[in-house]
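K.L.:
Just dropping this structure here.
The values are calculated or read from the model by the stated rules, or taken from the named source; none is laboratory data. It should be emphasised that the depicted structure is a prediction, and the values quoted were computed from it without experimental measurement. Methodologically, a virtual Cβ is constructed for each residue, glycine included, from the backbone with ideal geometry; neighbour enumeration extends over all protein chains shown. Quick note on the areas: whole protein, heavy atoms, side chains included, nothing else; ligands and nucleic acids left out. Shrake-Rupley method; radii C 1.70, N 1.55, O 1.52, S 1.80 Å.
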Amino acid sequence: RIANIATTEYVVGELYGLKWGQEKEKALVTLNDIDLFKQAGGFNSDWDMCYLLISLSAVRLREWRDNSLLRERTTAEWAALAREASLQGHGGRIWVDEVFPVSARAVYDQVVEVFNEFYWGTDELQKRLGRAPRYVSYSEGFVHKEEMLYAPDFFSHLRQAGIRHLGMITGRVGVEVESAVERMEAYSGERWWDVIISADSYLKPDPQALRAAIDAVGTRGGLYIGDTADDFDLVRRYKAERKDNEAVILAAMAVHASEEELYKQRGADVLVRSIEDLLALLPA
């Protein structure tokens, strides 16, 4: 998410030449802004999130600068509109293209390139994507600051508690998946997962991603845990379509205290503060 912010500020400030008070260290977008759109759904992809944030920032500073009604609409209000569109089946990047004028919308391929340079850093960009940076001067890369969200032996404890199959459905693609699994294997000392469904196959919240994971391990029931609206909507949509002979899946959400009421209202089966809290819900 820090890479989302860095990419947005670079494109809007350096490539578009727009000012928002950066010389006074004023923030263009915040982690809270990102949280609101993650809660809305449709922006599980970092690239799509940057596409949105850049387009929204540009239109506020340029195209709608003299339109106080649109310029001053809060991020929470925009996120509510994004949520409504997501529920109607035209959220995410499609919604951005519907709402914002062409002149304000970012060039998607350029967004991807800039994000990759911030996320991977100079050395990993060469290693993973085989190219030198075109925009960002030498950087370490935010990928090296990512932290695991579980203890190294967490998944072995899940197995001991009776969980037979483990897997991941991820919004990452290609080399992002390769990098993540390399780091997880080194961290845990094992490949604890039985299946990985990446965005190369299905994009959240497409319930086919969940069906693919279920079919890969042959389970008749299980629990899916995530931390964004797209994770919850993945299971919600699966449940809405589920046939009698398909596996029963519970929707668990790892949420901050401020999100608890939101996901209670949306109908989550389980709410926890951390994925580690799942252990307390399982029989000894």
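K.L.:
List the helices (runs of 4 or more DSSP H) inside the stretch 51-145, counting only whole elements, that have at least 3 residues being touching a Phe, Trp or Tyr at 6+ places or on another chain (Cβ under 9 Å).
P.N.:
75-87, 93-99, 108-124
K.L.:
Now a separate question. As an exercise: evaluate Leu70 against (1) modelled with pLDDT of 95 or more; (2) open to solvent by 30 Å² or more (accessible area, probe 1.4 Å) and give the number of the one condition it does not meet.
P.N.:
(1)
K.L.:
Next up: Cβ contacts < 8 Å: first residue more than 16 Å from Ile225 (Cα to Cα), restricted to the stretch 239-261; second residue open to solvent by 90 Å² or more (accessible area, probe 1.4 Å), any location; separation 6+ or different chain. Result?
P.N.:
Every condition considered, the pairs that remain are Ala257/Arg273.
K.L.:
Still on this structure, I have one more. Being at positive phi and either free of Cβ contacts under 8 Å to residues at least 24 places away in the same chain or in contact with a Cys (Cβ under 8 Å, 6 or more places away or on another chain) (or both) is the filter here, so list the residues in the stretch 25-41 that pass it.
P.N.:
Within the stretch 25-41, Glu25 is the sole residue that qualifies.
K.L.:
Additional query: If only one of Arg191, Arg131 is open to solvent by 50 Å² or more (accessible area, probe 1.4 Å) and modelled with pLDDT of 95 or more, which one is it?
P.N.:
Checking each option against the conditions leaves just Arg191.
K.L.:
Name the single residue that is most open to solvent (accessible area, probe 1.4 Å) among those in the stretch 12-41 being part of a helix (DSSP H, G or I) and in contact with a Leu (Cβ under 9 Å, 6 or more places away or on another chain).
P.N.:
Gln22
K.L.:
Please go through the stretch 216-231 and give me each residue that is surrounded by 20 or more Cβ atoms within 10 Å (Cβ to Cβ) and out of contact with any strand residue (DSSP E or B) (no Cβ under 6 Å at 6 or more places or on another chain), ordered by number.
P.N.:
Gly226, Thr228, Ala229, Asp230, Asp231
K.L.:
Also, quick follow-up: Of the residues Ser156, Ser86, which single one is polar (S, T, N, Q), under 26 Å from Ala180 (Cβ atoms) and without any contact (Cβ under 8 Å) to a residue 40 or more places away in the chain?
P.N.:
Ser156
K.L.:
Examine the stretch 203-215 for a residue that is surrounded by fewer than 18 Cβ atoms within 10 Å (Cβ to Cβ) and touching a helix residue (DSSP H, G or I) at 6+ places or on another chain (Cβ under 6 Å), and state whether such a residue exists.
P.N.:
The answer is no; no qualifying residue exists.
K.L.:
Please enumerate the residues belonging to the stretch 147-182 that are within 22 Å of the chain's Cα centre (by Cα), in a helix (DSSP H, G or I) and of a type in the set (Ser, Thr, Tyr).
P.N.:
Ser179
K.L.:
Can you give me the number of residues within the stretch 104-123 that are more than 18 Å from Tyr10 (Cα to Cα) and open to solvent by less than 30 Å² (accessible area, probe 1.4 Å)?
P.N.:
The total comes to 0.
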